[in-house]
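K.L.:
One structure follows; several queries about it will come next.
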There are 2 protein chains.
Amino acid sequence: MNRCLISQMEVQGFIERCLAAVGAKPHHARSLAEVLVEGDCRGHYSHGLNRMDMYVKDIQTGICAVDGEPVVEKESAATALVDGKNLLGPVVGNFCMNLAIAKAKEVGIGWVVAHGSNHFGIAGYYAMQALKENMIRTLGTNPLSIAAPAKDGDSFVLDTATSTVALGKVELNDRRGDPIPDGWGCDPHGKITTDPKRVLTGGGLVPIGGSEATGGYKGYGLGMMVEVFCGILAGAQYSKYVRTWKVTDRVANLGQCFVAVNPDNFAPGFNERMSDLLSIQRDQNPADPGSPVLAAGDPERMNMKKCEEMGGIPYHINVIKYMNEYAQKIGVNQLLPCDKMISV
Amino acid sequence: MNRCLISQMEVQGFIERCLAAVGAKPHHARSLAEVLVEGDCRGHYSHGLNRMDMYVKDIQTGICAVDGEPVVEKESAATALVDGKNLLGPVVGNFCMNLAIAKAKEVGIGWVVAHGSNHFGIAGYYAMQALKENMIRTLGTNPLSIAAPAKDGDSFVLDTATSTVALGKVELNDRRGDPIPDGWGCDPHGKITTDPKRVLTGGGLVPIGGSEATGGYKGYGLGMMVEVFCGILAGAQYSKYVRTWKVTDRVANLGQCFVAVNPDNFAPGFNERMSDLLSIQRDQNPADPGSPVLAAGDPERMNMKKCEEMGGIPYHINVIKYMNEYAQKIGVNQLLPCDKMISV
């Protein structure tokens, strides 16, 4: 497939230009751009540049705020409740994450919960901020992410939704005319189905584990756990009150939970044990000899290495065309001319 | 099936007698008995009276310690590292849980990690202690449990292993000659299989989600997350170093993690929102009209209600016979004469 290679710096600058053009503060635009670029570098294109216009629209329509900064409403040595003031999700996320890390430095744990937040890109981005400070992070919206530092820059980074797959995977099978595996989705009556059409027309995704027989109630419980720590604890929207995806008729008021854990407060040698644990997993005999056993975060690390070697992020040409047309509409300079086509 | 009905108080006393007979301190024996009785009341017979002899044996052989109490090794306002001193798991569990709750009362969060611990019965028992203090608890060994209080004594109590099912379920299908559902276990080469024999002879259980196609890597990641918070953070045994189940050739040195979260440190109205969330779930149209939608903890609540109405816990007569023979061997009074047979 032909892809157009764009440097990270150019993508970063482009997103900042677009956001600034509609009135975002420069440092807010930078925060958002960083999360989106990180999403693309890690290979999660669904959470990268591809979503930029959604954030621009949220600012244009006033459904997201541009003025002010997040505010701490309630605080102890280890906790904080933050009002995100309806700012862009990454602005709220970075604020909460920094606060959690600062508290964990003092008392070992920082548990920060935000309401009044918005969509914030890949959850793993925030969890990984703690790695730089050699801390464990865990966090959830409905996804759940945890990052734990090992030796020499190695790490464990889990970033996962509590559904079996993303809706996009069901759509892809539908377009190809393929059935979906048992355990991805259900029909409008809640029965597990292998027909992607039934999932897409009134049915839905199911929690990790699929049906009751294959442990779907465990995934359901884990999804509820995330809801308790985010929407419920924060006093934000939760469950059926959460705004439908991309229906921006009202502010989102999302709840998010950020936890930093300082290994220094527990047994010495944490990083060494993490490295050993990762080695034990990676050194296991794979079920399929062609696919070595990986740890959470490994596929993304490989993708980032590939981007680094190529000197940029490979995008489908249609994404770049769409973004450049969009840029023109809001009076912003286009992404650097796309003459670096590569085949991946 | 004919069952023998024994009062909770009698089971509690019987377990205490047996433990005391081999040298456990009375309050340690009581702690263990309470967890096992709670397991049975909640319908989890695999974690109740049925396991009593395992704990007795651990004390008889000296593989578990009877002297001393758990010790705090390192502490901050919000955290503690505890040496369980190789005491019975419930002794360590209760110590850590109480410490976590005390810290959460002060600073909103208590995050307590133990090494030198032993098997501690159902994880949910500890998570539920926090409910009495109107706190959220989350905890893991390799299971993961979280309890969150709603209004009027209602609650959400998730207590789940990160494998799809327990090994006992595979054994049951094998004995019946039935295949197992796709996604429960794998053969010795790591391939998902529906043949229980292959799982039991060199194969193994798989994480929630089953194969890669059905999201098994998510369950794998969640299992690793629990490992990070328990074995790794505590400096206890982890991964392949954990002693094989029931092979008591050396002390267990298990790691466990206990977290208490005080909703008062976050947005007001937590209990009301929890009740609303539970109602939303329970009021949904069920996929099967005969099976209403439940929340985590509901099946156990129903089982406890049934025990209360019957005035005791129904045990299979063979379990009672086995226990009474065992009691005789260690010179302990038997369980009350089993003349209360009921049909369940």
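The values are calculated or read from the model by the stated rules, or taken from the named source; none is laboratory data. Since this is a predicted model, take the numbers as computed values, not measurements. All Cβ positions, glycine included, derive from the backbone under ideal geometry; neighbour counts span all protein chains shown.
K.L.:
Does A:Ala127 count as within 14 Å of chain B (Cβ to nearest Cβ), in a helix (DSSP H, G or I) and either at pLDDT 95 or above or closer than 30 Å to A:Tyr217 by Cα (or both)?
P.N.:
Numbers: within 14 Å of chain B (Cβ to nearest Cβ): yes; in a helix (DSSP H, G or I): yes; either at pLDDT 95 or above or closer than 30 Å to A:Tyr217 by Cα (or both): yes.
In short, yes.
K.L.:
Being more than 17 Å from A:Thr160 (Cβ to Cβ) and outside any loop (DSSP other than H, G, I, E, B) is the filter here, so list the residues in region A:198-230 that pass it. Lay out the reasoning, then the answer.
P.N.:
So in region A:198-230, the residues more than 17 Å from A:Thr160 (Cβ to Cβ) come out as A:198-204, A:211-214, A:217, A:228.
Answer for region A:198-230, where residues must be more than 17 Å from A:Thr160 (Cβ to Cβ) and outside any loop (DSSP other than H, G, I, E, B): A:Arg198, A:Val199, A:Leu200, A:Gly204, A:Tyr217, A:Val228.
K.L.:
Take the residues in region B:281-297 that are within 15 Å of A:Met225 (Cα to Cα) and without any contact (Cβ under 8 Å) to a residue 40 or more places away in the chain; name whichever of them is nearest to the chain's Cα centre (by Cα). Give the steps one after another, and end with the answer.
P.N.:
Taking region B:281-297 as the starting set, the residues that turn out to be within 15 Å of A:Met225 (Cα to Cα) are B:281, B:294-297.
If we keep only those that are without any contact (Cβ under 8 Å) to a residue 40 or more places away in the chain as well, we get B:281, B:294.
Working: B:Gln281: 25, B:Leu294: 20 Å.
Here the answer is B:Leu294.
K.L.:
Another question, if that's okay. Would a scan of region A:266-274 turn up a residue that is over 26 Å from the mean Cα position of the chain (by Cα), among the hydrophobic types (A, V, I, L, M, F, W, C) and farther than 28 Å from A:Cys96 by Cβ?
P.N.:
Looking for residues that are over 26 Å from the mean Cα position of the chain (by Cα), among the hydrophobic types (A, V, I, L, M, F, W, C) and farther than 28 Å from A:Cys96 by Cβ, one finds none in region A:266-274, hence no.
K.L.:
May I pose another question? I'm told A:Val259 meets every condition in (1) touching a Lys or Arg at 6+ places or on another chain (Cβ under 6 Å); (2) among the β-branched types (Val, Ile, Thr); (3) within 14 Å of another protein chain (Cβ to nearest Cβ) except one. Can you identify the failing condition by its number?
P.N.:
Just one mismatch for A:Val259, condition (1).
K.L.:
For region B:208-239, what are the residues that are within 7 Å of another protein chain (Cβ to nearest Cβ), among the β-branched types (Val, Ile, Thr) and under 26 Å from B:His189 (Cβ atoms)?
P.N.:
Matches in region B:208-239: B:Ile208, B:Thr214.
K.L.:
In addition: Search region B:168-181 for residues that are within 13 Å of chain A (Cβ to nearest Cβ) and buried (at least 18 other Cβ atoms within 10 Å of the Cβ) and pair each with any residue that is of a type outside the set (A, V, I, L, M) and in a loop (DSSP other than H, G, I, E, B) when their beta-carbon atoms are under 6 Å apart and the residues are at least 6 apart or on different chains.
P.N.:
From region B:168-181, the pairs are B:Ile180/B:Thr194; B:Pro181/A:Thr214.
K.L.:
Can I ask one more? Checking the structure you have, find out if any residue of region A:185-207 is at pLDDT below 90, more than 26 Å from A:Met54 (Cα to Cα) and among the hydroxyl-bearing types (Ser, Thr, Tyr).
P.N.:
no
K.L.:
Could you list, in sequence order, the residues of region A:88-113 that are under 19 Å from the mean Cα position of the chain (by Cα) and without any contact (Cβ under 8 Å) to a residue 40 or more places away in the chain?
P.N.:
A:Phe95, A:Asn98
K.L.:
Okay, next question. Among the residues of region A:151-181, what is the count of those that are modelled with pLDDT under 90, within 22 Å of A:Arg301 (Cβ to Cβ) and in a loop (DSSP other than H, G, I, E, B)?
P.N.:
Qualifying residue count for the region: 3.
K.L.:
In this structure, does B:Ile180 turn out to be out of contact with any Gly (no Cβ under 9 Å at 6 or more places or on another chain) and among the β-branched types (Val, Ile, Thr)?
P.N.:
Numbers: out of contact with any Gly (no Cβ under 9 Å at 6 or more places or on another chain): yes; among the β-branched types (Val, Ile, Thr): yes.
When the stated conditions are applied, B:Ile180 passes them.
K.L.:
On to the next question. Say we look at region B:8-58 and pick out the residues that are over 20 Å from B:Tyr322 (Cβ atoms) and basic (Lys, Arg); which of these is farthest from the chain's Cα centre (by Cα)?
P.N.:
B:Lys25
K.L.:
From the list B:Thr164, B:Thr201, B:Thr160, which one is closer than 18 Å to A:Ser211 by Cβ and over 14 Å from the mean Cα position of the chain (by Cα)? Give the steps one after another, and end with the answer.
P.N.:
Numbers: B:Thr201 fails: closer than 18 Å to A:Ser211 by Cβ; B:Thr160 fails: over 14 Å from the mean Cα position of the chain (by Cα).
The unique qualifying residue is B:Thr164.
K.L.:
Let me ask something additional. Quick check on region B:240-250. Is at least one of its residues within 17 Å of A:Arg282 (Cβ to Cβ), among the hydroxyl-bearing types (Ser, Thr, Tyr) and facing chain A (nearest Cβ under 8 Å)? Explain how you work it out, then say what you get.
P.N.:
Initial filter on region B:240-250 (within 17 Å of A:Arg282 (Cβ to Cβ)): B:240-241.
Then drop every residue that is not among the hydroxyl-bearing types (Ser, Thr, Tyr), which leaves B:241.
Subset that is facing chain A (nearest Cβ under 8 Å): none.
So far as region B:240-250 goes, no, none of its residues is within 17 Å of A:Arg282 (Cβ to Cβ), among the hydroxyl-bearing types (Ser, Thr, Tyr) and facing chain A (nearest Cβ under 8 Å).
K.L.:
Taking the criterion of being at the interface with chain A (Cβ under 10 Å from one of its Cβ atoms), charged (D, E, K, R) and either touching a Pro at 6+ places or on another chain (Cβ under 8 Å) or closer than 30 Å to A:Thr79 by Cα (or both), would at least one residue in region B:277-289 satisfy it?
P.N.:
Checking region B:277-289: not a single residue is at the interface with chain A (Cβ under 10 Å from one of its Cβ atoms), charged (D, E, K, R) and either touching a Pro at 6+ places or on another chain (Cβ under 8 Å) or closer than 30 Å to A:Thr79 by Cα (or both).
K.L.:
Considering only residues of region A:182-197 that are assigned to a loop (DSSP other than H, G, I, E, B) and surrounded by fewer than 23 Cβ atoms within 10 Å (Cβ to Cβ), which is farthest from the other protein chains (Cβ to nearest Cβ)?
P.N.:
Across region A:182-197, the extreme among qualifying residues is A:Asp195.
K.L.:
Quick one: which residue in B:Asp152, B:Asp182, B:Asp195 is out of contact with any helix residue (DSSP H, G or I) (no Cβ under 7 Å at 6 or more places or on another chain) and assigned by TED's automatic domain parsing to the domain that holds B:Ala127?
P.N.:
Values: B:Asp182 fails: assigned by TED's automatic domain parsing to the domain that holds B:Ala127; B:Asp195 fails: assigned by TED's automatic domain parsing to the domain that holds B:Ala127.
When all the criteria are applied, what remains is B:Asp152.
K.L.:
Say we look at region A:131-143 and pick out the residues that are assigned to a loop (DSSP other than H, G, I, E, B) and over 17 Å from A:Asn265 (Cα atoms); which of these is modelled with the lowest pLDDT? First the steps, then the outcome.
P.N.:
So the first thing to find is which residues in region A:131-143 are assigned to a loop (DSSP other than H, G, I, E, B), and the list is A:133-135, A:141-143.
With the extra rule that they be over 17 Å from A:Asn265 (Cα atoms), the set shrinks to A:141-143.
Values: A:Thr141: 46, A:Asn142: 65, A:Pro143: 76.
Within region A:131-143, the match that is modelled with the lowest pLDDT is A:Thr141.
K.L.:
Separate question: Would you confirm whether any residue within region B:233-246 is buried (at least 22 other Cβ atoms within 10 Å of the Cβ), under 20 Å from the mean Cα position of the chain (by Cα) and in a helix (DSSP H, G or I)?
P.N.:
yes
K.L.:
Checking A:Lys321 against (1) in contact (Cβ under 8 Å) with a residue 60 or more places away in the chain; (2) over 25 Å from A:Ala148 (Cα atoms); (3) of a type in the set (D, E, K, R), only one condition comes out false. Which one?
P.N.:
Looking at each condition in turn, A:Lys321 falls short on (1).
K.L.:
All but one of (1) closer than 30 Å to A:Gly89 by Cβ; (2) surrounded by fewer than 21 Cβ atoms within 10 Å (Cβ to Cβ); (3) acidic (Asp, Glu) hold for A:Glu227, so report the exception by its number.
P.N.:
Condition not satisfied by A:Glu227: (2).
K.L.:
With the structure loaded, tell me whether A:Ile146 is among the β-branched types (Val, Ile, Thr), in a helix (DSSP H, G or I) and facing chain B (nearest Cβ under 9 Å) or whether it fails that test. Before the answer, list the steps.
P.N.:
Details: among the β-branched types (Val, Ile, Thr): yes; in a helix (DSSP H, G or I): no; facing chain B (nearest Cβ under 9 Å): yes.
No: the conditions fail for A:Ile146.
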